[in-house]
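**Q** Below are the structure tokens for one structure; questions will follow.
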Amino acid sequence: MTRSLSFLFATLTAVPIAALAQRPASAPAQAPPPAPAQAAPANPISASENKMYTMLSGVVIAAAEKMPEESYSFKPTPDVRSFGQLVGHLADSQYFFCSSVQGETKPSGEVEKNKTNKADLLAALKEAVAYCQKTYAGMTDAKGSETMKLMNQDFAKLTVLSANTAHDYEHYGNMATYMRLKGIVPPTSEKKGSPENK
């Protein structure tokens with residue numbers, strides 16, 4: 001009898017085990033497929049330069065707009081440019097650098113020497129920046145690596161555009177200082193809710 005029970009127990013346990021053995025094994029957990037790689041921009045260097053110029057030229061124009069007309073003749077010391085002359089100088093320099101890169105002769109009209117009131121200087125600066133923006137926007141990394149003559153030396157075109165951007169930064173720093181001396185917050189220091197911007 002004990003032998004019969006043992007046989008019956010062995011039979012009953014063998015059936016489910018045999019059935020389980022015949023079921024297909026579950027597939028091992030797989031890692032999700034990798035996300036598709038994002039394509040690098042076609043012209044990362046020239047596109048970055050364009051972004052930088054767009055940002056900087058915007059704050060230069062904002063500073064020229066924010067400074068009151070009566071402060072356009074302001075000079076911190078007699079031997080430096082007035083604020084208005086800085087605006088004119090920046091207009092002239094946009095034409096100098098960008099027309100050089102384009103291989104064009106674009107007379108600036110000597111804005112620094114020929115214009116003195118805010119409206120004329122601001123209009124000239126905006127026009128010069130618009131001219132330059134076309135040069136930056138049309139640049140590619142391949143075109144930017146082409147060399148050109150500037151000050152009797154060979155430079156890559158993108159280096160010349162970088163020099164323009166650096167020159168703009170330099171004179172925006174002057175503009176910001178002039179504005180601070182007049183108690184005006186420069187555009188790049190404006191923060192909503194800050195005490196000096198109220």
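**Q** Hey, does segment 116-138 have a residue that's farther than 28 Å from PRO187 by Cα and in contact (Cβ under 8 Å) with a residue 12 or more places away in the chain?
**A** No, there is no match, as no residue in segment 116-138 is farther than 28 Å from PRO187 by Cα and in contact (Cβ under 8 Å) with a residue 12 or more places away in the chain.
**Q** Is it the case that some residue within segment 143-156 is surrounded by fewer than 19 Cβ atoms within 10 Å (Cβ to Cβ) and closer than 29 Å to LYS182 by Cα?
**A** No, every residue in segment 143-156 fails to be surrounded by fewer than 19 Cβ atoms within 10 Å (Cβ to Cβ) and closer than 29 Å to LYS182 by Cα.
**Q** Does VAL80 satisfy the condition of being within 27 Å of the chain's Cα centre (by Cα) and at negative phi?
**A** On the way: within 27 Å of the chain's Cα centre (by Cα): no; at negative phi: yes.
So VAL80 fails the test.
**Q** A follow-up question, please. I'd like to check something: does segment 65-78 contain any residue that is of a type in the set (Gly, Ala, Ser) and either at pLDDT 95 or above or in contact with a helix residue (DSSP H, G or I) (Cβ under 7 Å, 6 or more places away or on another chain) (or both)? I'd like the intermediate steps shown before the answer.
**A** Residues of segment 65-78 of a type in the set (Gly, Ala, Ser): 71, 73.
Now restrict to residues that are either at pLDDT 95 or above or in contact with a helix residue (DSSP H, G or I) (Cβ under 7 Å, 6 or more places away or on another chain) (or both): 71, 73.
Yes: one or more hits.
**Q** LYS75 is checked against (1) assigned to a loop (DSSP other than H, G, I, E, B); (2) of a type outside the set (Ser, Thr, Tyr); (3) in contact (Cβ under 8 Å) with a residue 40 or more places away in the chain and fails just one. What number does that condition carry?
**A** So the condition that LYS75 fails would be (3).
**Q** Could you check, for segment 127-138, whether at least one of its residues is at negative phi, polar (S, T, N, Q) and surrounded by fewer than 15 Cβ atoms within 10 Å (Cβ to Cβ)?
**A** Initially, segment 127-138 is screened for residues at negative phi, giving 127-138.
Retained after the next criterion (residues that are polar (S, T, N, Q)): 133, 135.
Now drop any that are not surrounded by fewer than 15 Cβ atoms within 10 Å (Cβ to Cβ), which leaves none.
So far as segment 127-138 goes, no, none of its residues is at negative phi, polar (S, T, N, Q) and surrounded by fewer than 15 Cβ atoms within 10 Å (Cβ to Cβ).
**Q** Shifting gears a bit: For GLN85, state whether it is among the polar types (S, T, N, Q) and modelled with pLDDT under 95. Give the steps one after another, and end with the answer.
**A** Numbers: among the polar types (S, T, N, Q): yes; modelled with pLDDT under 95: no.
Judged against the criteria, GLN85 is not a match.
**Q** Could you tell me which residue of segment 88-118 is nearest to TYR131 (Cα to Cα), considering only residues that are of a type in the set (Asp, Glu) and at pLDDT 95 or above?
**A** We begin by selecting, within segment 88-118, every residue of a type in the set (Asp, Glu); these are 92, 104, 110, 112.
Okay, now just the ones that are also at pLDDT 95 or above, so 92, 112.
Working: ASP92: 11, GLU112: 17 Å.
Among them, the one singled out is ASP92.
**Q** Which residue is farthest from PRO78 (Cα to Cα), if the candidates are limited to segment 160-183 and must be of a type in the set (Ser, Thr, Tyr) and in contact with a helix residue (DSSP H, G or I) (Cβ under 8 Å, 6 or more places away or on another chain)?
**A** Our first condition is that a residue be of a type in the set (Ser, Thr, Tyr); within segment 160-183, this holds for 162, 165, 169, 172, 177-178.
When the remaining residues are screened for being in contact with a helix residue (DSSP H, G or I) (Cβ under 8 Å, 6 or more places away or on another chain), the result is 162, 165, 169, 172, 178.
On the way: SER162: 31, THR165: 27, TYR169: 23, TYR172: 19, TYR178: 13 Å.
The selected residue is SER162.
The values are calculated or read from the model by the stated rules, or taken from the named source; none is laboratory data. Since the model is a prediction, treat every value here as computed from it, not as a measurement. Every residue, glycine among them, receives a Cβ derived from its backbone with ideal geometry; neighbour counts consider all protein chains shown.
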